[in-house]
Amino acid sequence: MTDRQQGAVQSLGEHRRAKTAPISAPAALPARYLSPEDVAALFAVPLETVYQWRRKHTGPPGFRVGRHVRYDPAAVAQWVADQTHAAA
């Protein structure tokens, strides 16, 4: 096998490995998701208000992790921006 053929076979192997490389986790995950208590403290409202917002779908979007509710800080910031633009 010539050097040229050897290089083509080697690059084909590298190409196949590159296609089957494992997908890495998203790099933009927040350092910490917020709990309902965190959201209540952030807005200086009672915890029950945060739960009412969730029930009525009027507050920041939350998601469940098992039986726990968590909030993405970016989604909370977006919700605040939407509220301030709607009020203006």
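Details
- Close pairs from region 60-85: first within 18 Å of A41 (Cα to Cα), partner among the hydrophobic types (A, V, I, L, M, F, W, C) and outside any helix (DSSP H, G or I), Cβ under 7 Å, at least 6 apart: G62/V69; R70/L34; R70/F63; Y71/L34; P73/L34; V76/L34
- Which listed residue is buried (at least 16 other Cβ atoms within 10 Å of the Cβ) and either of a type outside the set (A, V, I, L, M) or assigned to a helix (DSSP H, G or I) (or both), from R54, R32, R64: R54
- Restricting attention to region 35-51, the residues that are free of Cβ contacts under 8 Å to residues at least 24 places away in the same chain, surrounded by 13 or more Cβ atoms within 10 Å (Cβ to Cβ) and either assigned to a helix (DSSP H, G or I) or among the polar types (S, T, N, Q) (or both) add up to 7.
- Candidates L29, L12, filtered to the one that is under 21 Å from the mean Cα position of the chain (by Cα) and modelled with pLDDT under 65: L29
The values are calculated or read from the model by the stated rules, or taken from the named source; none is laboratory data. Please read these numbers as outputs of a predicted model, since none were measured by experiment. Neighbour counts are summed over all protein chains in view; Cβ atoms, including those assigned to glycine, are modelled from backbone coordinates with ideal geometry.
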